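Encoded as structure tokens, the structure appears first; notes follow it.
The values are calculated or read from the model by the stated rules, or taken from the named source; none is laboratory data. Bear in mind that the values here come from a model prediction, so they are computed numbers and not experimental data. Note that each Cβ is placed from the backbone with ideal geometry, even for glycine, and that neighbours are counted across all protein chains shown. Calculation scope for accessible area: heavy atoms of the full protein, side chains included, ligands and nucleic acids excluded. Shrake-Rupley method; radii C 1.70, N 1.55, O 1.52, S 1.80 Å.
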Amino acid sequence: MSIQAKTHVYQSSIYWQDGKKGLLSSAGKPDLPVATPPEFGGPEGFWSPEDLYVASANGCFMTTFLYLAEKAKVNLIGFESQAEGTLEFVDGKFKMTRIHLTPKVWLSRPEDQEPVGRLLQKAKQYCLISNSMATEVTVD
């Protein structure tokens, strides 16, 4: 993976709506309603910060893998990844202690199977989100 000596800045805003709900926004992107998770008294059916934290690791893993697969000229038919985050009460505070990813890859050429295994490991190694987290991220 090439290293670029650049700095990138990402911005978002959140606007409280009512109760335990808000609207997450970022210029040029659709707004995203977010709320406290139901386990902590929030409403059902909304993305929570906990959901977004786990989804961020999963999305970064996918985009990193897709970048590596494109560079390696692997012909993908499909990609899917399930993510499960574990939130625990540790040392007097809640902490996301683990995120487990289970990716599935569909290939058009059987000979790409071995290189894809290596690319999945590289994606775990280079994913900037999981590299920025104190949470353990594992991949099957």
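In summary, W106 fulfils each of the numbered conditions (1) without any contact (Cβ under 8 Å) to a residue 40 or more places away in the chain; (2) open to solvent by less than 80 Å² (accessible area, probe 1.4 Å); (3) in contact with a Gly (Cβ under 7 Å, 6 or more places away or on another chain) with the single exception of condition (2).
Residues that are within 15 Å of the chain's Cα centre (by Cα) and of a type in the set (V, I, T) were ranked within segment 49-96; the one that is nearest to L24 (Cα to Cα) is V54. The residue pairs whose first member lies in segment 61-83 and is farther than 12 Å from C127 by Cβ and of a type outside the set (A, V, I, L, M), whose second member is open to solvent by less than 20 Å² (accessible area, probe 1.4 Å) and in a loop (DSSP other than H, G, I, E, B), and whose beta carbons are closer than 8 Å, counting only pairs six or more residues apart or on different chains, do not exist in this structure. Taking the condition aliphatic (A, V, I, L, M), in contact (Cβ under 8 Å) with a residue 60 or more places away in the chain and in contact with a Ser or Thr (Cβ under 7 Å, 6 or more places away or on another chain), does A35 pass? The answer is no for A35.
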